[in-house]
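What follows is a single structure, written as structure tokens, with notes after it.
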Amino acid sequence: MNNSATSLASQNIWAAIPTPFQAPNLELDEQGLRHNVRRYISVGLRGVFCNGLMGEVWALTNQERRRVVEVLVDEAAGRLGVSAVITASSLQETCELGLHAKKAGAEHAVLLAPTSGPRSDEQLIAYFRHIANYVDMPMVIFNSATAAGSPLTPTVFKELCEIPQLRLLKSTAYETNVALRDAACNGVIVSDPLEEHFFDSYVKYQQRVLYADPEPYLYQGPGNTPINSYIEMLDKGAVAEASIEFEKLSLHRAAFNKWVMDPLKTGHMPCAALKYWCDLIGLVGGPVRRPLAELTESQRHELKNDLISCSMPGLDLIETA
């Protein structure tokens, strides 16, 4: 593997994080964000990526997006990597957010593969090349599947791998991921972000980086890190033992799919459920911003019971507080 991928290959787990807001004014909760950084470190994350879909990016001003990056990097103090989604409504705003992330000390700029506007193969390549040259920092592309399939074809991705700043493709175009992996070159990594796919991705496709959705901090607590445990077993070649540990998380995955992934697949953003889940296990979630609505009392009760049935790390502390 070439040097371009070293920072992402040195450890396994990155996770998408929410943006905590204060009640009732819905201002950015900087202290809550700092608290969460300490928790992410305590469960062994290599890094986090912010200002994405799970972070309610559509509800953030560009100034708030900058501040989120600054707070994360400051509190992490080198103990946790920070990747910042920089995609904005215009190319210039995207580049400006990228320059800010670079100056603030983020490790990677994350770009969403365009699904609207100019998006012929030639235009997609030109788009990513322009930003990479302008910002000139390590880059991650998020290839989020749409009803039409994968925004990036393997042919386009192979050419994008020639961009020296590109480190990783996070791809939820699951039916295309094998072809994207085959197209990868120059040390660029393809990461299927779903934790429930990771065992197979590791064993069948040698995926060593879990550039994940929220599962790593939702399933794990300080001193109870089953994802880390089965990955360590895989790293040691103990596949059978890792499989047993992996299967122990089946109830967690069922809850995650019910409250996060299944709504997301229908276009319903699950941030209210994600944030309440965070609140229950000792992270700071807080309220959501419009147009999202909070969970009803009935939904909150149902989610809490689902997590209790999983013996969720840290939830016993919240229940007895």
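Below, the figures for the structure above:
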read-out	value
Virtual spin-label span in nm between residue 148 and residue 186, 7 Å along Cα→Cβ	2.5 nm
Neighbour count of at most 15 Cβ within 10 Å plus DSSP loop: longest trypsin sites (Lys or Arg not before Pro)-free window in the chain	120-235
With at most 16 neighbouring Cβ atoms within 10 Å, loop GluC sites (Glu not before Pro) (DSSP) excluded, longest segment of the chain	28-161
Of 170/275; 158/275; 102/258; 248/275; 204/248, those spanning more than 26 Å from alpha-carbon to alpha-carbon	158/275; 102/258
For residue 121, net neighbour charge (Lys/Arg +1, Asp/Glu -1) across residues whose Cβ lies under 15 Å away	0
Contact order relative to length of region 3-237, as percent, for alpha carbon pairs under 8 angstrom and 6 or more apart	21 percent
Residue 31-residue 232 pseudo-label distance in nm [points 7 Å out on the Cα-to-Cβ vector]	3.4 nm
Cα gyration tensor shape of region 35-120, rounded if a/c is under 1.5, else prolate or oblate by comparing a/b with b/c	prolate
Selected from 94, 266, 155 as most flexible by GNM, with the chain as the system and alpha-carbon contacts under 10 Å	266
Sequence-separation-based contact order of region 173-284, relative, with Cα cut under 8 Å and 6+ spacing, percent	16 percent
Where labels lie 7 Å past Cα in the beta-carbon direction, separation of residue 62 and residue 203 in nm	4.8 nm
Choice from 35, 268, 100 showing the highest fluctuation, given a GNM over the chain with Cα pairs closer than 10 Å	268
Expected-Rg normalisation [2.2 N^0.38 Å, Cα atoms] applied to region 3-237	0.97
Within-14-Å neighbourhood charge of residue 236 [Cβ basis; K, R +1; D, E -1]	-3
Length gained when the stretch residue 129-residue 279 is fully extended (0.36 nm per residue, less Cα-Cα span)	50.0 nm
Length added when fully stretched, residue 116-residue 79, from 0.36 nm per residue minus Cα-Cα	9.7 nm
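Bear in mind these aren't lab numbers, they're just calculated from the coordinates by the rules spelled out. Quick caveat: nothing in here was measured; it's all calculated off a predicted structure. Glycine gets a Cβ as well: all are built from the backbone with ideal geometry, and neighbour counts include every protein chain shown.
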